[in-house]
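Some notes on the structure that comes next.
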Protein chains: 2
Amino acid sequence: MTDTMPGGPAASAEEGAGAKPYFAFHVFVCTNRRPDGHARGSCAARGSERLRDYMKVRAKELGVASARINTAGCLDRCELGPCVVVYPQGVWYRVQTTDDVDRVLTEHLQRGRPPSDLMLPP
Amino acid sequence: MTDTMPGGPAASAEEGAGAKPYFAFHVFVCTNRRPDGHARGSCAARGSERLRDYMKVRAKELGVASARINTAGCLDRCELGPCVVVYPQGVWYRVQTTDDVDRVLTEHLQRGRPPSDLMLPP
């Protein structure tokens, strides 16, 4: 499995807490799949793999800078999925459609205005 | 694939940038595996899957609070692996041994002093 890195890493990134992040936006898409019928469901069962694939392609198409879209194992918020978390901002989303993906990419990663209506409840 | 959540989520976490993070320490361990002989190598080829498994168990044993240890796809720093990144602090590590895992857990996640000698170069 490979992951895309649209825009490349932040230039001259320095390591350590408080330093400029290596990726300005490090996006993790849960692709955990539980057995059919599991009470919690799972992000993959709700289509997250397809949305992850779309997000990688779309981020490149949009030319999103210093972002990386990554696959992740279970983020443990299964009932609310498909779950996406964007670090270092620590913003969690439910991303159900390709339109939702577009909104996270353009509103949060490009314009710096995270779409609150897509965020997970506390 | 399931991931463990030692200590449970941060209490009364609020969503959105600047809010208290859902996990005080969200750890992503790259388990990407490239074909044998690939020029970049890969974290899995350097033993990251075993170290990820150990980290999950060890975090529970140590009672690390509000942390989650997650599997991740390729973090694109393959040559420096096995790679681990801890968010929201955004600290990157090369974790080669179970002793390294213990140091990240105890020094960074428990004592708040990230071990600089394990950090990735810029």
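For residue A:36, the stated conditions hold: it is open to solvent by 20 Å² or more (accessible area, probe 1.4 Å) and modelled with pLDDT under 95. Scanning region A:70-87 for residues that are of a type outside the set (A, V, I, L, M, F, W, C), surrounded by fewer than 22 Cβ atoms within 10 Å (Cβ to Cβ) and either within 22 Å of residue A:112 (Cα to Cα) or more than 7 Å from every other protein chain (Cβ to nearest Cβ) (or both) yields a count of 2. In the set (1) without any contact (Cβ under 8 Å) to a residue 40 or more places away in the chain; (2) under 19 Å from residue B:73 (Cα atoms); (3) basic (Lys, Arg), residue A:58 fails one condition alone, (1). The conditions of being over 12 Å from the mean Cα position of the chain (by Cα), under 15 Å from residue B:68 (Cβ atoms) and without any contact (Cβ under 8 Å) to a residue 24 or more places away in the chain are met by residue A:76. Given the structure, is residue B:95 in contact (Cβ under 8 Å) with a residue 12 or more places away in the chain, under 10 Å from the mean Cα position of the chain (by Cα), within 13 Å of chain A (Cβ to nearest Cβ) and crowded, with 19+ Cβ neighbours inside 10 Å? Judged against the criteria, residue B:95 is not a match. Residues in region A:101-122 that are open to solvent by 50 Å² or more (accessible area, probe 1.4 Å), over 20 Å from residue B:23 (Cα atoms) and either basic (Lys, Arg) or not in a helix (DSSP H, G or I) (or both): A:103, A:111, A:112, A:113. Mind counting the residues in region B:78-89 that are out of contact with any strand residue (DSSP E or B) (no Cβ under 7 Å at 6 or more places or on another chain) and either of a type in the set (S, T, N, Q) or part of a loop (DSSP other than H, G, I, E, B) (or both)? Count: 1. Quickly run through region B:28-73 and pick out the residues that are of a type in the set (S, T, N, Q), assigned to a loop (DSSP other than H, G, I, E, B) and within 14 Å of the chain's Cα centre (by Cα). Hits for region B:28-73 are B:31, B:32, B:66. The condition (being within 12 Å of chain A (Cβ to nearest Cβ), at pLDDT 95 or above, open to solvent by less than 10 Å² (accessible area, probe 1.4 Å) and touching a Lys or Arg at 6+ places or on another chain (Cβ under 6 Å)) is satisfied by just one residue among B:67, B:44: B:44.
The values are calculated or read from the model by the stated rules, or taken from the named source; none is laboratory data. Since we're looking at a predicted model, the values are computed, not measured. Every residue, glycine among them, receives a Cβ derived from its backbone with ideal geometry; neighbour counts consider all protein chains shown. Keep in mind that these areas ignore ligands, DNA and RNA; they rest on the heavy atoms of the full protein, side chains included. Shrake-Rupley method; radii C 1.70, N 1.55, O 1.52, S 1.80 Å.
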